[in-house]
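Laboratory data are not the source of any read-out in this text; all were calculated from the coordinates shown. Since this is a predicted model, take the numbers as computed values, not measurements. All Cβ positions, even for glycine, are placed from backbone atoms using ideal geometry, and neighbour counts span all protein chains on display.
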Amino acid sequence: MTGNRPGCGAPITIDGPDEMRVPRTRDTRTASVWLTGCAAGTVLLAGCGGDAQPSDATSPPVPAHFDPCVALTPEFLIMQGWDALPPDPRHDAVGTVFWKGCRYVARAGYGFVIETTNGTLDQVRQKYPAAADISIGSRRALRYEARPDVPGGCTINVGMRHGSLYILTDVPQTPTNKAKGLLDACAYATDIAENVVPWLPAGS
């Protein structure tokens, strides 16, 4: 199930929230220009069944125990090198599945999303049967490429009590990144998850 939404230029679309695709830029300055021009945030789509739409006041909430936009402090983002641009808040919904969090751009030149969702690991497994079972800290997680035919994207869902933590990376497959050995999107996704999961409140 896919959704499509026009973006700036010609962003690549993939399933669900994985449709967020930072364009194939060669440096963070170019990424900054592109993302600034896309302030409406049209490149992040969410869901498992169609076009993502902003949720309204009557929508069931996503897990409320963790808000990455608040919990991940500016000091933490600077320490991780995830501060090429200010966090871009996202709140998307498809049917009864909701995502809320922020989009980030790393100084290394890749983009990623960190959101909480009421979508469970069982739902992810149903949609992506080939997803790899991994552990992030003490939590069960699933790692998968929603579109293996489009290099540079990798997603991890980390189990939470009322859904999951959703992490999507997009690593531009450019000659510059190739020369630096910076092409493994799943390695970035795993690193992000390992650094963010310790911030999840106990019992969340």
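When we screen Arg161, Arg143 for residues that are under 22 Å from Arg90 (Cα atoms), charged (D, E, K, R), out of contact with any Asp or Glu (no Cβ under 7 Å at 6 or more places or on another chain) and buried (at least 18 other Cβ atoms within 10 Å of the Cβ), the only hit is Arg143.
Note on the stretch 87-203: no enclosed helices (runs of 4 or more DSSP H) hold 2 or more residues that are over 15 Å from the mean Cα position of the chain (by Cα) and of a type in the set (Gly, Ala, Ser).
Of everything in the stretch 146-158 that's of a type outside the set (S, T, N, Q) and buried (at least 21 other Cβ atoms within 10 Å of the Cβ), which residue is farthest from Pro198 (Cα to Cα)?
Within the stretch 146-158, the match that is farthest from Pro198 (Cα to Cα) is Gly152.
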